[in-house]
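The values are calculated or read from the model by the stated rules, or taken from the named source; none is laboratory data. Computed from a prediction, not measured in an experiment: that's the story for all the values here. Every residue, glycine among them, receives a Cβ derived from its backbone with ideal geometry; neighbour counts consider all protein chains shown.
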Amino acid sequence: MIIVLKPGASQEQLDHIVSKVHELGLKTMISQGVERTIIGVIGEEDILRITPLEVFPGVEKVLPVLKPYKLVSREFKPESTVVAVKGVRIGSRSIQIAAGPCAVENREMLFATAKAVKAAGAGMIRGGAFKPRTSPYTFQGLGEEGLKYLREVSDATGMPAVTECMDPRDVALVESYADIIQVGARNMQNITLLRELGQVKKPILLKRGMMSTVKELLMSAEYILSNGNFNVILCERGIRTFEDATRNTLDLSMVPLVKRLSHLPVFVDPSHGTGVRELIEPMSIAAIAAGADGLIIEVHINPEAALSDGAQSLTPDEFARLMKGLAPVAKAVGRELQ
Ligand code: PEP
Ligand code: MN
């Protein structure tokens with residue numbers, strides 16, 4: 001249930017309603033918009049049906065939120081959320097691009113790749129230190145050593161670092177190095193991890209599970225928001241279908257859909273979404289045209305030698321070409337490239 005206050009409702013009126021809702025044993029989350037304040041009520045709301053909150057001073061209307069997700073919904077927060085991290089504003093008019101290797105393999109390759117993607121116009125560096133590999137016999141990532149290189153390269157280039165955390169026990173460690181903590185597709189419904197990430201201060205990039213619906217993605221985001229962290233970026237990275245010509249089926253229709261359903265920024269990962277190097281550029285263009293707030297793209301200084309996902313990694317030259325092609329598309333949809 002959400003309580004919409006009248007424009008100009010006072011702080012005293014807000015405090016009074018909030019304390020009344022708390023007395024009833026329910027939790028509140030406040031969304032302070034430009035025009036209006038909205039109070040989201042979480043918990044067993046049935047009790048509110050017999051408590052006429054409409055009559056409280058300052059209340060304009062009380063609306064049931066019929067969707068199972070509440071805090072992530074546009075009803076709760078009509079204005080789009082902008083996630084700000086070290087000068088990068090995700091979800092604003094400017095489109096943000098994170099690029100870098102699938103995995104941090106060593107210090108030299110990370111620095112070389114970071115330099116190249118920055119020169120091409122990327123605003124953030126990506127790279128996995130904990131890799132959720134399908135096979136236990138493949139490269140699993142450098143762990144904390146990889147996080148250290150990421151921190152170093154981020155400080156040297158000024159690009160915020162995005163990296164994955166797979167385990168609730170590693171949250172504090174990853175938070176101490178990363179600027180944005182990624183939840184990978186395989187962990188989208190790791191509820192313990194989501195709850196833990198609700199309590200950190202850093203933004204979360206939440207990837208859609210490969211077998212998850214849009215509703216399930218939004219419910220996973222709701223776990224993070226309802227535990228206190230409103231800085232969540234959603235990310236489409238392809239879902240598994242009967243089609244096997246591509247690694248996954250990139251569901252770009254989810255972008256405009258999720259932008260309607262939720263106030264959270266939406267990213268697209270065309271690298272895992274297609275798994276095919278030649279498809280990254282056209283799908284990046286399509287994602288921006290569809291309204292994505294940004295992209296996360298795998299780039300490797302030498303894809304042939306990559307320890308993971310070489311087949312979908314762009315060379316620095318290919319990435320630079322892609323960035324050139326994106327700028328006019330961003331302009332055409334009323335945005336700008338960072
Ligand atoms: C990644 O971005 O490094 C990754 C493993 O992606 P996903 O979780 O989408 O498979
Ligand atoms: Mn990868």
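Every condition in (1) over 26 Å from P68 (Cβ atoms); (2) part of a helix (DSSP H, G or I); (3) in contact with a strand residue (DSSP E or B) (Cβ under 8 Å, 6 or more places away or on another chain) is met by D15 except one, and the failing one is (3).
Could you grab me the full set of residues in region 156-185 that are of a type in the set (D, E, K, R) and surrounded by 24 or more Cβ atoms within 10 Å (Cβ to Cβ)? E164, the sole residue that qualifies.
Residue pairs whose Cβ atoms lie under 6 Å apart, separated by 6 or more positions or on different chains, with the first residue in region 162-186 and under 21 Å from D269 (Cβ atoms) and among the polar types (S, T, N, Q) and the second within 16 Å of ligand 2 (Cβ to nearest atom) and in a helix (DSSP H, G or I), are T163/L150. Somewhere in region 101-111, is a residue within 16 Å of ligand 1 (Cβ to nearest atom) and within 10 Å of V153 (Cβ to Cβ)? The answer is yes; a qualifying residue exists.
The residues of region 293-302 that are within 16 Å of ligand 2 (Cβ to nearest atom) and assigned to a strand (DSSP E or B), listed by number, are L295, I296, I297, E298, V299. Out of I285, I301, I280, one residue alone is of a type in the set (A, V, I, L, M, F, W, C) and within 16 Å of ligand 1 (Cβ to nearest atom). It is I280. Within the option set R133, R74, R93, R36, being within 16 Å of ligand 1 (Cβ to nearest atom) and more than 14 Å from V162 (Cα to Cα) holds for one residue only, R133. Looking at region 160-175, is at least one residue within 14 Å of ligand 2 (Cβ to nearest atom) and of a type in the set (S, T, Y)? Checked against the condition, which is being within 14 Å of ligand 2 (Cβ to nearest atom) and of a type in the set (S, T, Y), region 160-175 yields at least one hit. Scanning region 310-329 for residues that are crowded, with 20+ Cβ neighbours inside 10 Å and within 16 Å of ligand 1 (Cβ to nearest atom) returns Q312, S313, L314, F319. Would a scan of region 22-31 turn up a residue that is exposed (fewer than 14 other Cβ atoms within 10 Å of the Cβ) and either on the phi > 0 side of the Ramachandran plot or of a type in the set (G, A, S) (or both)? Among the residues of region 22-31, at least one is exposed (fewer than 14 other Cβ atoms within 10 Å of the Cβ) and either on the phi > 0 side of the Ramachandran plot or of a type in the set (G, A, S) (or both), which makes the answer yes.
Only a single item in (1) within 16 Å of ligand 2 (Cβ to nearest atom); (2) more than 28 Å from F139 (Cβ to Cβ) is not met by L264, and it is number (1).
For every residue, the table says whether it meets (1) farther than 29 Å from L66 by Cβ; (2) within 16 Å of ligand 2 (Cβ to nearest atom); (3) at pLDDT 95 or above; (4) among the basic types (K, R).
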residue	(1), (2), (3), (4)
Q189	no, no, yes, no
G198	no, no, yes, no
L218	no, no, yes, no
C235	no, yes, yes, no
T274	yes, yes, yes, no
